[in-house]
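The structure appears right after this line, and notes come after that.
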Amino acid sequence: MSDTTVPASGHRLTAPPVTGYARFLSTGSYRPERVVPNSEIVDRIDSSDQWIRERSGIESRRFARPDESVVDMAEAASRVALERAGLTGADIDVVLVATVTHPYQTPSAATLLAHKLGATPAAAFDISAACAGFCYGVALAND
């Protein structure tokens, strides 16, 4: 056990020693085909191409097809990662999906993804933490 004192309060925190860390065996990615330049969205958001480029550096983004869901895109990326790692869905213990784009109230995107990948009986749940979702997902996977 390791002890740490919190400076502001003087409280002592005790935690078990860290014996391992989460590791990435592989990664996969997916990008929708449709490229959407700033000029296509500026009227909808009351902005300009120049304003967006100067403040964010963004010139374009990708939009999913109307028939393409967050689960479909996650499946495509997951299949790339599994292939690179030499694994199948049956090798997966837990499916975590970090998203704020939920296709349904229930079931979770992770449950749908686990089913599509054949990751059964894996645990599956979504993490809704916006931009921090990836960080929370890694922390949860590590635990």
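The numbers here are math on the coordinates, done by the rules we state, and not lab data. The structure presented is a predicted model; accordingly, all values stated were derived computationally and were not measured. Here Cβ is always computed from backbone atoms with ideal geometry, including for glycine, and neighbour counts include all displayed protein chains.
To the nearest 20 debye, what is the magnitude of the charge dipole of the chain about its Cα centre, counting +1 on the Cβ of each Lys and Arg and -1 on the Cβ of each Asp and Glu?
So the dipole magnitude of the chain works out to roughly 220 debye.
Taking only the C-alpha atoms of the range 72-143, the Rg (one decimal) and the largest Cα-Cα distance, Dmax (whole number), read 11.7, 33 Å.
Think of the chain as having a plus end and a minus end, set by charges on the Cβ of Lys, Arg, Asp and Glu; of ILE92, LEU117, VAL36, ILE92 sits farthest toward the positive end of this dipole. Estimated at 0.36 nm per residue, the fully extended path between ASP93 and ARG31 surpasses their Cα-Cα distance by 19.7 nm.
Axis angle, to the nearest 10 degrees, between helix 70-85 and the longest C-alpha principal axis of the chain: 60 degrees. Would you mind telling me which residue in LEU87, LEU96, LEU112 has the biggest mean-square fluctuation in a Gaussian network model of the chain, where springs connect alpha carbons within a distance under 10 angstrom? Maximum fluctuation in the GNM of the chain, among the listed residues, is at LEU87. Note on the chain: GNM, Cα springs under 10 Å; of THR88, THR14, THR106, the largest mean-square fluctuation is that of THR14.
Per-residue ellipticity at 222 nm computed for the chain from its helices equals -9500 deg cm²/dmol, with DSSP H segments shorter than 4 residues left out and the rest contributing -39,500 (n - 2.57). Over all orientations, the range 39-115 has a Cα convex hull whose mean projected area works out to 7.4 square nanometres. Across the chain, C-alpha contacts under 8 Å between residues 6 or more apart give a mean separation that, scaled by the residue count, equals a relative contact order of 21 percent.
Remark: relative contact order (the range 68-143) = 34 percent; criterion is Cα-Cα distance under 8 angstrom and separation of 6 or more residues. Across the range 100-143, the relative contact order, built from alpha-carbon pairs under 8 Å that are at least six residues apart, equals 31 percent.
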